[in-house]
1. Only one of A:59, A:78, A:54 is without any contact (Cβ under 8 Å) to a residue 60 or more places away in the chain, open to solvent by less than 40 Å² (accessible area, probe 1.4 Å), of a type outside the set (Val, Ile, Thr) and away from every other protein chain (no Cβ under 11 Å). Can you tell me which?
2. For residue B:6, work out the one condition from (1) more than 9 Å from chain A (Cβ to nearest Cβ); (2) part of a loop (DSSP other than H, G, I, E, B); (3) farther than 26 Å from residue A:133 by Cβ it doesn't fulfil.
3. With the stretch B:13-110 as the region, which helices (runs of 4 or more DSSP H) entirely inside it contain at least 2 residues that are under 18 Å from residue A:34 (Cβ atoms) and more than 15 Å from the chain's Cα centre (by Cα)?
4. Name the residue, out of A:112, A:118, A:49, A:142, that is more than 12 Å from the chain's Cα centre (by Cα), surrounded by fewer than 19 Cβ atoms within 10 Å (Cβ to Cβ) and more than 30 Å from residue B:37 (Cβ to Cβ).
5. Kindly establish whether residue A:32 is in a helix (DSSP H, G or I), open to solvent by less than 40 Å² (accessible area, probe 1.4 Å) and either more than 10 Å from chain B (Cβ to nearest Cβ) or at negative phi (or both).
6. Given the conditions (1) open to solvent by 30 Å² or more (accessible area, probe 1.4 Å); (2) touching a strand residue (DSSP E or B) at 6+ places or on another chain (Cβ under 8 Å); (3) among the aliphatic types (A, V, I, L, M); (4) within 28 Å of residue B:42 (Cα to Cα), and given that residue A:1 satisfies all but one, which numbered condition is not satisfied?
7. Restricting attention to the stretch A:121-139, and to residues there that are of a type in the set (Gly, Ala, Ser) and outside any loop (DSSP other than H, G, I, E, B), which single residue is most open to solvent (accessible area, probe 1.4 Å)?
Amino acid sequence: MSRRALESVTVGEVLPALSVRLRRADLIRYAGASGDFNVIHWSDRVAQSVGLPGVIAHGMLTMAQAVRVVTDWAGDPGAVIDYKVRFTRPVPVPDDDEGAEIVLGGTVTDISVDGHVSVALTATFQGDKILAAAKAVVRLTSASPTP
Amino acid sequence: MAINPALVGRSYPASPPYRVSREKIREFAEAVGDPNPAYVDVVAARALGHADVIAPPTFPIVLSLGSSGQQVIEDPELGLDYTRVVHGDQHFAYARPLTAGDIVTATPQITAIRTVAGNDMLTWDTVLATVEGEYLCTATSMLVSRAESAS
């Protein structure tokens, strides 16, 4: 595994897409690992009492999965220097074996002179956007030293 | 009840030192379903130039929404109704990835408070730095406490 070389990247390049399935057990596991025990991520009763359709996924779990599109492609997750998202729509995760499938993608939108590559990310659930203004910036360098 | 806009600018004490461990990074990476070897394989991480395994990009949320964030969310003068909270925006700006062995503190400061159509919006920055004083990352979170009537 190595970091992707800057000269191989082009604006408009479409990164390999990723599909991820979230089930209740994934939410419980993320709650434990992250320390985010907000009840709306594990209790339908409480989620519905505050006007949600039912248990919803942690936005931060979706955010963690979306950046994989960039880190898998860049070859080094440590290349990420900036990452931001807006959560636009909750992802209900039913208490069944199917769970919820989210689809993630990314496109290179900018390459700066100092090697900062901007990637616009997309995340959808049942065809609807769940993230907006999602953008990651990675710092890449040339494979061969420039003169 | 609207949250208190007078708290914009309020800063909170740095969290107690938190040791970033290989085990916690592995647990977090597995929980987000990311098999990247840089998170679990020291040899792979070092081949990329890192001192040890590195944490996934969203790992700083463990600190910024953890005990340091609870100081903000549960500030009695703020008046945030956490049962109605959903995450609005999240931003991370990194000097370098958190790395196993780092001993880190998290220092939060409220940067914006707005109420729009009954929805309370709270924004705060959490600065992560090593106990030696090396700046690592700023995590900016915006939480929305949704209006009761909107449901």
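The values are calculated or read from the model by the stated rules, or taken from the named source; none is laboratory data. Keep in mind that what you see is a predicted model, and the values were worked out from it rather than measured. Note: ideal-geometry Cβ built from the backbone for every residue, glycine included; neighbour counts use all protein chains shown. The protein model used for the area step is the full one, side chains on, heavy atoms only, and it has no ligands, DNA or RNA in it. Shrake-Rupley method; radii C 1.70, N 1.55, O 1.52, S 1.80 Å.
1. A:54
2. (2)
3. The qualifying helices (runs of 4 or more DSSP H) are B:22-31.
4. Criteria check complete, one pass: A:49.
5. yes
6. (2)
7. Out of the qualifying residues, it is A:133.
Residue-wise test of (1) assigned to a loop (DSSP other than H, G, I, E, B); (2) touching a strand residue (DSSP E or B) at 6+ places or on another chain (Cβ under 8 Å); (3) within 19 Å of residue B:92 (Cα to Cα).
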position	(1), (2), (3)
A:64	no, no, yes
A:72	no, yes, yes
A:82	no, yes, yes
A:89	yes, yes, no
A:94	yes, yes, no
